[in-house]
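Okay, structure first, notes after.
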């Protein structure tokens with residue numbers, strides 16, 4: 001969609017009209033309206049305008065998720081995905097809506113549509129940097145349940161699950177919840193054939209080292225230590241980085257003190 005047309009659609013207040021079509025219609029008409037919305041929200045420059053003038057948009061999109069049509073769900077979750085990758089207020093609105101509606105995003109993780117699963121995993125991964133610790137265990141459990149059954153050849157879905165769990169692990173309060181799922185994380189992410197999934201698993205483990213070191217080391221000692229070391233030391237410049245950090249504590253040159 002041409003940039004000038006997008007601006008005109010925003011100015012003319014067409015977002016409310018498109019949302020109404022998405023929610024009240026069905027089939028091709030509803031899907032088409034949702035795809036027009038996608039063309040608007042994929043440009044992050046418009047998010048502030050949408051937030052100021054259409055503050056109920058997240059609630060209405062969650063209402064549209066009640067439609068059981070997979071194509072419709074894929075379109076709506078893609079719109080939510082763009083909002084989740086935008087500003088903090090939108091992420092907080094999505095979290096609030098999800099919690100107040102008893103976690104419909106997590107319910108959709110049971111979908112048989114791979115497109116919907118990837119979108120939801122991506123959304124939750126973005127939300128992870130803003131999720132309140134009171135709700136973390138719900139999302140950790142949901143993502144790890146998905147990880148148990150995910151097709152190990154689905155590179156995109158594995159990478160989104162890994163990113164989600166690693167982002168959640170940034171919060172020390174998540175450690176006790178994550179540590180219980182380490183075996184499946186190591187098996188399906190750290191030992192994944194895909195580099196991005198392995199790197200996110202290493203991110204997660206590094207965060208756990210700072211808060212649950214004994215438990216993380218115990219799990220790694222049973223399985224995954226080789227993969228962890230290989231993945232970390234395959235990172236560009238890692239040897240120089242670690243050496244530089246070590247040399248902050250010691251010196252390459254010195255004289256005896258006695």
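The values are calculated or read from the model by the stated rules, or taken from the named source; none is laboratory data. Quick caveat, the model's predicted, so the values are computed rather than measured. A quick note on method: Cβ atoms are made from the backbone with ideal geometry, for glycine too, and the neighbour counts reach across all protein chains shown.
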Quiz item: Quick check: is even one residue across the range 149-166 exposed (fewer than 14 other Cβ atoms within 10 Å of the Cβ), assigned to a helix (DSSP H, G or I) and free of Cβ contacts under 8 Å to residues at least 24 places away in the same chain?
Solution: yes
Quiz item: residue 111 fails exactly one of the following numbered conditions: (1) surrounded by fewer than 21 Cβ atoms within 10 Å (Cβ to Cβ); (2) under 29 Å from residue 28 (Cβ atoms); (3) modelled with pLDDT of 90 or more. What is the number of that condition?
Solution: (3)
Practice problem: Determine whether the range 127-137 contains at least one residue that is part of a helix (DSSP H, G or I), surrounded by 15 or more Cβ atoms within 10 Å (Cβ to Cβ) and within 9 Å of the chain's Cα centre (by Cα). | Solution: yes
Exercise. Determine, yes or no, whether residue 211 is within 26 Å of residue 85 (Cα to Cα), out of contact with any strand residue (DSSP E or B) (no Cβ under 7 Å at 6 or more places or on another chain) and crowded, with 17+ Cβ neighbours inside 10 Å.
Key: no
Practice problem: Quick one: residue 96 ticks every box in (1) surrounded by fewer than 21 Cβ atoms within 10 Å (Cβ to Cβ); (2) part of a helix (DSSP H, G or I); (3) in contact (Cβ under 8 Å) with a residue 24 or more places away in the chain except a single one, so which number is it? | Solution: (3)
Quiz item: Is it the case that residue 51 is over 26 Å from residue 178 (Cβ atoms) and in a helix (DSSP H, G or I)?
Solution: yes
